[in-house]
Structure formats: C-alpha cells, structure tokens
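This report concerns only the one structure given below.
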Amino acid sequence: MKATNYFFPFLLLLSISAGAQETKAVTFTATVSTDSVLLGNYFELTFTLENAEGTHFAEPSFDDFDLVSGPNTSMQTQILNGVVSQKRSYSYYLQPREVGLFYVGPASIETEEGVLETAPIEILVVPNPDNIIQRPERKTDFFQFGDPWFREIQPPAEQPEPPAPPRKKRKITKI
C-alpha cells in the first residue's frame, strides 16, 4: 500500500516534466576546420547530428585523402530549463594526397524523420614549397554557458621582476 502512495506522485511529476519539454529542429551538418590546406598538412572534418537519435551513419568516401584519424565520436546531452538538446559528432582528420580542388561527398544518417544527408564540402589544396606544418585548432563547445567550475584556466599575468637591491660601494684605499 505504501509503495503506491509514492508511485503516483512520481508518475505525476514525470508526466508534467515530459509535457514541459520543447522539441528543437533536427539538423545534420558537415563542417571543416579550414576549406583550404597546404599540401602535407591535415584538416578536421566533422559531421554533427543535433536533436535526434541516429543509426546507420554512412561516411563519404575519402578517395583523394589519407585518413589520419577517425571516426572519432562524441555525444553531448543538455537539459536546460526543461529543454533537451542532443549532439552526436563524427570527426575525421584527413590529409590530402596532392594539390588541387577536391570535394568531400555527403554523409548520411538514419533518424526518426527519415534519412538525412549533408551537403558536399569543397577543399582547396595548395602547394607547400616551404614545408610549413599547420595543425587544425581544436574547437569545443562544451560548457558553453560560462559555468564558473569549468572555465579555462588562464596562466597568471607575468609580473615584472623587482629591481635588484643597490650594491654596496666599496671603499678603496691606496697603499
């Protein structure tokens, strides 16, 4: 009898919170760290599914590129004031094999709303006669609301060195 006394308020609370949740638009996008790269360097290609559960992810073919790393997956779920948002990302690090204009084809994923597909991405590969090495910058959008517990730690500002204490003058006596 006592178990039912706790069950019904819990069920009521669950139904109220489920009704308060809003739905957001489902998107599936492809982004690159840079759209032009020096030969001999690599770039990051990321496919992101937002606000949906996805299955059967199909990556494009990377015929013109060497796969440095991937697929690297990440998932982020956020509940803010009853609004639930989700992100699932698939990232690849690709290195072009030769100079030219190349296209990364579309990727696809199956969701409740059907099969979603990204737009193709154009990558310009330019010669690198000086063998300059560049690495893509890591971008993270975790903790985007400025939570003080998860802020990036800044190194302390450099303090100027205090002036050296004056040296004592020696008394010189001639013999």
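The values are calculated or read from the model by the stated rules, or taken from the named source; none is laboratory data. Predicted model, so just to flag it, every value in this text is computed and none were measured. Here Cβ is always computed from backbone atoms with ideal geometry, including for glycine, and neighbour counts include all displayed protein chains.
A few notes on this one:
- Test: residue in region 101-123 that is charged (D, E, K, R), within 21 Å of the chain's Cα centre (by Cα) and at pLDDT 80 or above: yes
- Residue satisfying condition, being surrounded by 15 or more Cβ atoms within 10 Å (Cβ to Cβ), in contact with a strand residue (DSSP E or B) (Cβ under 6 Å, 6 or more places away or on another chain) and not basic (Lys, Arg), within set 50, 59: 50
- Residues that are part of a loop (DSSP other than H, G, I, E, B), of a type in the set (S, T, N, Q) and closer than 25 Å to residue 127 by Cβ within region 23-48 comprise 33, 34, 41, listed in sequence order.
- Taking every residue in region 146-175 that is modelled with pLDDT under 65 and pairing it with any residue that is surrounded by 10 or more Cβ atoms within 10 Å (Cβ to Cβ), at least 6 positions away or on another chain, the pairs with Cβ-Cβ distances below 9 Å are 149/143; 150/142; 150/143; 151/143.
- Check on residue 95, closer than 16 Å to residue 45 by Cβ and modelled with pLDDT of 80 or more: yes
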